[in-house]
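The next block holds one structure in the form of structure tokens; read it before the comments.
The values are calculated or read from the model by the stated rules, or taken from the named source; none is laboratory data. Because the structure is a prediction, the values reported are computed rather than measured. Methodologically, a virtual Cβ is constructed for each residue, glycine included, from the backbone with ideal geometry; neighbour enumeration extends over all protein chains shown. Ligands, DNA and RNA are excluded from the accessible area calculation, which covers all protein heavy atoms including side chains. Shrake-Rupley method; radii C 1.70, N 1.55, O 1.52, S 1.80 Å.
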Amino acid sequence: MKKVALLVAAALIAPSAAFAHQAGDILVRGGAVTVSPNSSGDNVGSGHLEPNSNTQLGLTLSYMITDNWGVELLAATPFSHSVSTQGFGEVAKIKHLPPTLMGQYYFGNAQSKVRPYVGAGVNYTFFFDEEGRGALDGDDVSLDDSWGLAAQAGLDMKVTDNLFVNGSIWYMDIDTEVTSKRLGKTYDTSIDPIGLMVGLGYRF
Ligand code: NI
């Protein structure tokens, strides 16, 4: 009888099934990502090129190397931006994909119901389907690929043992050269966006 009581007591004080983020876990997060550029660079007309904000479906895949360190890959459906300048209004439409690889540190431990995290890594952005618009209608516009640093901060909150809610904020250093065949010029442009992602995650 004593033995049974001890077992029951042990079961009660033992941590219940660990929430998440233990060595070996795979975390998949999906949600809406809004990319908001903070653009600067060479003037076209009387202002630099300014892509507008765009929201797409984001998907991230994390692997936990230890209970606190992970690596994450960010993928998304292609972002589509209208690009304008102060002088000419809309001058182009562009699409891009910004795959990003992050090393991450998760605060707390495997029993924590909330796991804030920070990350740093590398972003590669490639542009496609560039189209001249307005003053550059019909122009052959192209944007160079970009390699740059990226940083993030995020939060996972337990819903069930495997499901969690996620929010994260990203910064990506994206610099490109915009070439207009008609103008015969290249314009250095920094896009350097903030990305905001809100969604759900699942732990495998
Ligand atoms: Ni930059």
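Among the residues of the range 58-72, is any β-branched (Val, Ile, Thr), open to solvent by 70 Å² or more (accessible area, probe 1.4 Å) and touching a Ser or Thr at 6+ places or on another chain (Cβ under 6 Å)?
Within the range 58-72, the subset β-branched (Val, Ile, Thr) is 60, 65-66, 71.
Now narrow it down to the ones that are open to solvent by 70 Å² or more (accessible area, probe 1.4 Å): 65.
Retained after the next criterion (residues that are touching a Ser or Thr at 6+ places or on another chain (Cβ under 6 Å)): none.
No; the residues of the range 58-72 include none that is β-branched (Val, Ile, Thr), open to solvent by 70 Å² or more (accessible area, probe 1.4 Å) and touching a Ser or Thr at 6+ places or on another chain (Cβ under 6 Å).
Does residue 195 count as under 17 Å from the mean Cα position of the chain (by Cα), open to solvent by less than 30 Å² (accessible area, probe 1.4 Å), more than 13 Å from residue 33 (Cα to Cα) and within 16 Å of the ligand (Cβ to nearest atom)? Talk me through it step by step, then tell me what you get.
On the way: under 17 Å from the mean Cα position of the chain (by Cα): yes; open to solvent by less than 30 Å² (accessible area, probe 1.4 Å): yes; more than 13 Å from residue 33 (Cα to Cα): no; within 16 Å of the ligand (Cβ to nearest atom): yes.
For residue 195, the condition - under 17 Å from the mean Cα position of the chain (by Cα), open to solvent by less than 30 Å² (accessible area, probe 1.4 Å), more than 13 Å from residue 33 (Cα to Cα) and within 16 Å of the ligand (Cβ to nearest atom) - is not met.
Going through 101, 149 one at a time, which residue ends up being touching an Asp or Glu at 6+ places or on another chain (Cβ under 8 Å), within 16 Å of the ligand (Cβ to nearest atom) and either within 24 Å of residue 22 (Cα to Cα) or open to solvent by 40 Å² or more (accessible area, probe 1.4 Å) (or both)? Step through it out loud before you land on a result.
Values: 101 fails: within 16 Å of the ligand (Cβ to nearest atom).
That would be 149, the only listed residue that is touching an Asp or Glu at 6+ places or on another chain (Cβ under 8 Å), within 16 Å of the ligand (Cβ to nearest atom) and either within 24 Å of residue 22 (Cα to Cα) or open to solvent by 40 Å² or more (accessible area, probe 1.4 Å) (or both).
Considering (1) on the phi > 0 side of the Ramachandran plot; (2) open to solvent by 50 Å² or more (accessible area, probe 1.4 Å), say which one residue 90 fails and leave the rest.
All conditions are met except number (1).
Look at the range 115-135 and say how many of its residues are closer than 19 Å to residue 184 by Cα and open to solvent by 20 Å² or more (accessible area, probe 1.4 Å).
5
Within the bounds of the range 180-188, is there any residue that is polar (S, T, N, Q), within 12 Å of the ligand (Cβ to nearest atom) and crowded, with 18+ Cβ neighbours inside 10 Å?
Within the range 180-188 (the criterion being polar (S, T, N, Q), within 12 Å of the ligand (Cβ to nearest atom) and crowded, with 18+ Cβ neighbours inside 10 Å), the answer is no, since none of the residues qualifies.
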